[in-house]
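The values are calculated or read from the model by the stated rules, or taken from the named source; none is laboratory data. The shown structure was predicted, so the numbers you read here are calculated from the model rather than taken from an experiment. Cβ sites come from the backbone with ideal geometry, for glycine too, and all protein chains shown count toward neighbours. What goes into the accessible areas is simple: the full protein's heavy atoms, side chains included, and nothing from ligands, DNA or RNA. Shrake-Rupley method; radii C 1.70, N 1.55, O 1.52, S 1.80 Å.
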Amino acid sequence: MKFGRAVMATWLALSVSMAASAKLEDAGDVDVRFLATGPGGMEIKGEASGLKASETDGQLKIKVPVKDLQTGIGLRDSHLKKYLEVEQYPDATLEIDRSKLTFPENDQSVQSSATGDFTLHGKTKPVKFSYKANRTGSDYHVQALAKIDIRDFDIEVPCYLKVCVDPIVKLKIKFKLRET
Amino acid sequence: MSHRSWPRRAARTWRLLFAMIPLFAVLGYARSAAAYPWMIRHGYGSCATCHADPSGGELLTKYGRAQGDLLLRMHWGKDTSSAAASTQSSGSAGSFDEFDEPGSAPAPKAKPEPKKAETEAEAEPARTGFLWGLWDTPDPLLLGGSIRAAAFFQGESARVFPMQLDLYGQLTLGPVFAGGSIGAARVKQNSPNARAAFLTTNQGNEEFNLLSRTHYVGVHLGSEFSVRAGRLNLPFGLRIPEHYAWVRDNTRTDRESDQQHGAAIAYGGKALRAEVMGIAGNYQIAPDRYRERGYSGFAEYLVSNDVGVGVSSLITAAKADRVSLEQEKTTRGVHGAFTRIHFAKPMVLMAEADAMHISRRALGYVGFAQLDYELSQGLHLIGTGEALDMGRHDAEPGGFQPEKAAGEGKPRFGGWLSVDWFFLPQLELRVDAIGRQDAGGYLLAQLHAYL
C-alpha cells in the first residue's frame, strides 16, 4: 500500500513537472480582429490573417502579422498599412510571463486578466488584457480582449477626408494553444 | 400587346430612353435622390458621415463621395480599392467587450489568401470630385446632383419620362452652413408629385417649373449636434430612396416633395442618432389653409454593430387637407418603429411599421419590410413587402359612408422585386417589378446619374 502511494506520488510529481515544462504553441482556430470607431457610430472592423504563438524560457510570445490587415475596404487597408509602416514593422507582438497566466484544469475554463508587453509600430508598452481559456486535454481554447491607444505606439490618428477614427482601438483574439 | 411585338417595342423604348439622356439634362420630374440605410452593412450606422443632411439623403460629403466610389459601385477589372478588394471572413466578430460563449460564434473560416494586387499594389484613390471627378471642390463647398430617367410599363402601355433634374450644394464657413437644392420639373396637372416643391407656378401638363426640395441655413454645435432652419426633409422613419413606397408616400414623409419649412435639431452620437423638427408649414404651397404645422422626429439606437432600432412620431394640423382637398381642419398623426438588421455580409433587412390617425378616419397603419441582398459589390437584389390601411373614412354629415375597401378600412398589400445595379462610377440602373392589390402589376426602370 505504501509502495502504491509512493508510486502515485512520484507519478503526480513527474506529471506536474512535465506539465510545467511542456511548452505552449499555437494550434490553429485563429481569429484576430480589431474594432476602430469614428464619428456618428462609424465602425471599422478589421482582421489579421494569422497568429503565431511560442514559448521560450517561460515567456509566451504571440505574434500577429500586420502586413495583410483587412478592414473591408481596399483603399482603407492601404492607408492603414501606411499608418502602421508595415514594411518597417511587419508584426504586432504580445509577450507574457507564463507564470502570470492561470491555466484551467482539463474540461474547465478560467477567466482572468494579465498584463503583457505589447509591441506595435516598433514601440513596446505594457497592455492589460482579459482572457478566457477552456482546456480540452492538451489544448487551450483562448480568447483575449484588450484596448489600446494607438497614440501610445506613436501611430498617427488616421484621418481620411476630414473623418478621423478614435485612437482607442479594441482587440479581440481567439486561438488555440497546445502543450507540446 | 402580342408577345411578338413586345421585344421590338421594348428595344425601341430602351433606344429611346438612351437617346433621350441628353434631353434629361433640361427636363425634370419628381424624384428624390439616394440615401441607403443598408450601408449599415459596411459599418455606417449613421448618415452624417456621408451626407450633408444629418439624417441622410441627397448631398454627399467628400467622405461620402469617396465611400460611394469605394463601396457602392461595381468595380471592373483590376480592383485594389473597393470593399471587394479587402478579403474578410464571413463570420461575425461578435462583441469586442465580452467573451463569446463556446459555440455562440461560428468557428472562424479560413480566409482566402489576399490577392497579390491587394497586398502589393497601391490602392487606387477614390473619386471625390463633382461630375465624375471633373471638379474637386474646395473643402467648404459641397456640390452634387441627380439626373434620373425612367421607363414605366403596365399592361400594354409603356412610357419613358424624365424623372429628376436636381443640383445640390452646401457652403460651410466655420460652424455655419447654408445649402439646398434647385431643379426643374414637369408634371401633369393632377400629379401628386413635385408641385409641393415648386418655386414657379406655370400651369399645364407641358409646362416646366423650377423647384427646390430643400434650402436651409444651419450651425454645427460641436461635433454631435446641428441646428437647421429652412425647407427640410422630414425626420421620420427609414430614409429610403423609394419615395413611392407606401410607408413614405402615405405618411407624407418622402423626399420627393414632402419637405416642409421649419427648424430642426439633429444629434449624431456613437450609438444614438435623432432629429426632431418643428414644422412651420410648406411655404411653397398656397393658400395658407393647406399648410400643415406640427412636429416630426425620430430616434434610432444601434443596439449592436449590426442592429439599429428606432421610433418615429409626427403630428401635423392644417385648416384643410392638401391631398384629399377636404376643407375641414385635418390633423394627421403617424407614430411607429423601424429597424435595420445586418444579417450576413451581403444581407440587410429593413422594416418599418407606423400607426396613422387622420381626422375623420378610423385608425390606420402602414408597414414595410425590405430585404437587400448584395449579390456582388454594386449589384443588389431587393425584395419588398408593403401593407396599408389608411382607415375607413367616417360617415359624412348626410350619413353616407364609403364602403370598406383595400387600403381604406381593409388591409391592402403590395410587393416589389427589384434589381439595383451601380454599374459604373456615379451611374445606377434600377428595375422594380411592383405588384399592388387593386392596382395590378407594373415595371419601373430607372437610369440614374448622381453627379
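In the range B:176-203, the residues that are surrounded by fewer than 19 Cβ atoms within 10 Å (Cβ to Cβ) form no Cβ pair under 7 Å with any partner that is among the basic types (Lys, Arg) and assigned to a loop (DSSP other than H, G, I, E, B), whether six or more places apart or across chains. Among the residues here, A:Ala22 does not qualify as within 30 Å of B:Gly64 (Cβ to Cβ), more than 7 Å from chain B (Cβ to nearest Cβ) and either without any contact (Cβ under 8 Å) to a residue 40 or more places away in the chain or small (Gly, Ala, Ser) (or both). Just one of the listed residues (B:Ala355, B:Ala362, B:Ala439) is open to solvent by 30 Å² or more (accessible area, probe 1.4 Å), farther than 27 Å from B:Gln164 by Cα and out of contact with any Lys or Arg (no Cβ under 7 Å at 6 or more places or on another chain), namely B:Ala355.
Can you pull out the residues in the range A:132-148 that are of a type outside the set (A, V, I, L, M, F, W, C), open to solvent by less than 40 Å² (accessible area, probe 1.4 Å), assigned to a strand (DSSP E or B) and more than 10 Å from every other protein chain (Cβ to nearest Cβ)? Within the range A:132-148, A:Asp139, A:Tyr140 qualify.
Per-residue answers, yes or no, for (1) touching a Pro at 6+ places or on another chain (Cβ under 9 Å); (2) outside any strand (DSSP E or B); (3) among the hydrophobic types (A, V, I, L, M, F, W, C); (4) on the phi < 0 side of the Ramachandran plot:
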residue: B:Phe161; (1), (2), (3), (4): no, no, yes, yes
residue: B:Asp166; (1), (2), (3), (4): no, no, no, yes
residue: B:Ser181; (1), (2), (3), (4): no, no, no, yes
residue: B:Lys188; (1), (2), (3), (4): no, yes, no, yes
residue: B:Thr200; (1), (2), (3), (4): no, yes, no, yes
residue: B:Glu206; (1), (2), (3), (4): no, yes, no, yes
residue: B:Tyr216; (1), (2), (3), (4): no, no, no, yes
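Out of the range A:149-180, which residues are among the aliphatic types (A, V, I, L, M), in a strand (DSSP E or B) and either surrounded by fewer than 19 Cβ atoms within 10 Å (Cβ to Cβ) or away from chain B (no Cβ under 14 Å) (or both)? Within the range A:149-180, A:Ile168, A:Leu177 meet the criteria. Note on the range B:61-100: residues that are modelled with pLDDT of 80 or more and part of a loop (DSSP other than H, G, I, E, B) amount to 21. Taking the conditions (1) buried (at least 23 other Cβ atoms within 10 Å of the Cβ); (2) over 23 Å from B:Ala318 (Cβ atoms) in turn, B:Glu275 satisfies each one other than (2). If you go through the range A:72-104 and keep only what is in a loop (DSSP other than H, G, I, E, B) and surrounded by fewer than 22 Cβ atoms within 10 Å (Cβ to Cβ), you end up with A:Glu85, A:Val86, A:Glu87, A:Gln88, A:Tyr89, A:Pro90, A:Leu101, A:Thr102, A:Phe103, A:Pro104. Per the conditions (1) surrounded by fewer than 16 Cβ atoms within 10 Å (Cβ to Cβ); (2) over 17 Å from the mean Cα position of the chain (by Cα), the sole criterion not satisfied by B:Gly385 is (2). When the residues of the range B:72-103 are filtered to those that are more than 7 Å from chain A (Cβ to nearest Cβ) and of a type in the set (A, V, I, L, M), the one that is surrounded by the most Cβ atoms within 10 Å (Cβ to Cβ) is B:Leu72. Summed over the range B:334-364, residues that are under 26 Å from B:Ser191 (Cβ atoms) and of a type outside the set (A, V, I, L, M, F, W, C) total 6.
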